[in-house]
Amino acid sequence: MEIGSFAIHWYGLLYLLAFLLGFGMVQRLQRYRDVRFSTEEWSSVLSWIILGVIIGGRLGYVFFYEPQYFLAHPLEIVAVWRGGMSSHGGFIGVALAMLWVAYKRNVPLLAFADILVVPAAIGLALGRVGNFINLELYGTPTVLPWGIAVPGIEGLQHPTQLYAVAKDLFIALACYILLCQTAGARKQGSVFALFLVLYSAFRFLIEYIRVPTHPNVFVAGMEFTRGQVLTVPLFVIGVLLLFWSVRGARNSKSDIRKG
């Protein structure tokens with residue numbers, strides 16, 4: 001959208017809003033995991049996370065979705081303003097950034113991750129709002145009354161962007177509730193695990209009614225979208241981590257009773 005001679009890029013504005021909200025939220029959420037970063041320390045953390053989102057998201061798109069194109073046009077890898085970001089790549093970038101910060105600041109990684117997933121889910125929701133404004137990543141045809149009209153497409157389409165917004169806000173709420181219920185050192189990693197399980201499960205289902213932007217892939221004779229395939233490892237990691245955190249909490253309770 002343009003106002004006079006100024007061009008407004010909704011993605012940029014919404015990502016900026018997401019980072020500002022996250023910066024304010026983590027300073028209040030950290031008490032639930034006994035983390036005591038100062039405002040200056042969180043500013044440094046935010047810088048690393050921004051780099052993780054941008055670099056990871058872009059490289060994820062390059063390698064997961066368009067490797068042949070960017071192999072032929074390597075200079076366009078840095079042209080982020082032309083679009084092309086992968087949420088799964090962003091996850092990897094943020095994970096690496098968290099590993100680095102946790103190591104440098106001597107903070108338990110899982111406690112750190114538990115704090116960050118709530119604002120991360122809200123940030124994902126804001127990103128999907130950008131998709132809705134741009135009328136991209138829309139769904140398959142529908143006769144439902146809330147279907148949306150997409151220029152150049154006959155009929156109404158599923159507003160999968162809004163489904164994703166609802167999904168991400170629900171995940172943020174669920175993770176916040178669990179974070180409050182497991183305050184302190186108990187069940188570290190449980191909130192992060194819940195985020196991975198819910199995100200991957202809902203994302204997998206929404207992909208069925210979203211118009212694919214890239215060719216599907218076949219695994220064991222079955223056809224899946226690339227988003228579904230990339231989501232499976234997140235679900236497996238989330239389930240294993242959830243079992244591990246619950247088991248660890250039970251063992252801690254058992255040790256306390258014995259003592």
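Values for this structure:
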| read-out | value |
| --- | --- |
| Segment 72-163: GluC sites (Glu not before Pro) falling in loop per DSSP and having at most 11 other Cβ within 10 Å | E154 |
| L169 paired with W146, simple spin-label distance in nm, labels 7 Å along Cα-to-beta-carbon | 1.0 |
| Near-label residues of segment 114-146 by backbone N, under 19 Å of a point 7 Å along Cα→Cβ of R31 | 114-119 |
| Burial order of peptide ranges 115-123, 230-238, 16-24 (average beta-carbon count within 10 Å, highest first) | 115-123, 230-238, 16-24 |
| Average silhouette area of the chain, convex hull of alpha-carbon atoms, in square nanometres | 18.0 |
| GNM result for the chain, Cα springs below 10 Å: residue of L162, L196, L205 fluctuating most strongly | L205 |
| GNM top mover of F64, F218, F91 - the chain, alpha-carbon springs below 10 Å | F218 |
| DSSP loop trypsin sites (Lys or Arg not before Pro) with at most 15 other Cβ within 10 Å excluded, longest remaining stretch of the chain | 37-185 |
| Segment 1-130: relative contact order as a whole-number percent, Cα under 8 Å and 6+ apart | 35 |
| Highest-fluctuation residue, V165, V80, V101 considered, GNM on the chain with Cα pairs under 10 Å | V80 |
| Residues A220 and W100, FRET efficiency given R0 of 30 Å [Cβ-Cβ distance, rounded to 0.05] | 0.25 |
| Rule-of-thumb Rg ratio for segment 37-85 [Cα; 2.2 N^0.38 Å; N residues] | 1.45 |
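Here, each number is a calculation from the coordinates, and none is a lab measurement. Please read these numbers as outputs of a predicted model, since none were measured by experiment. A quick note on method: Cβ atoms are made from the backbone with ideal geometry, for glycine too, and the neighbour counts reach across all protein chains shown.
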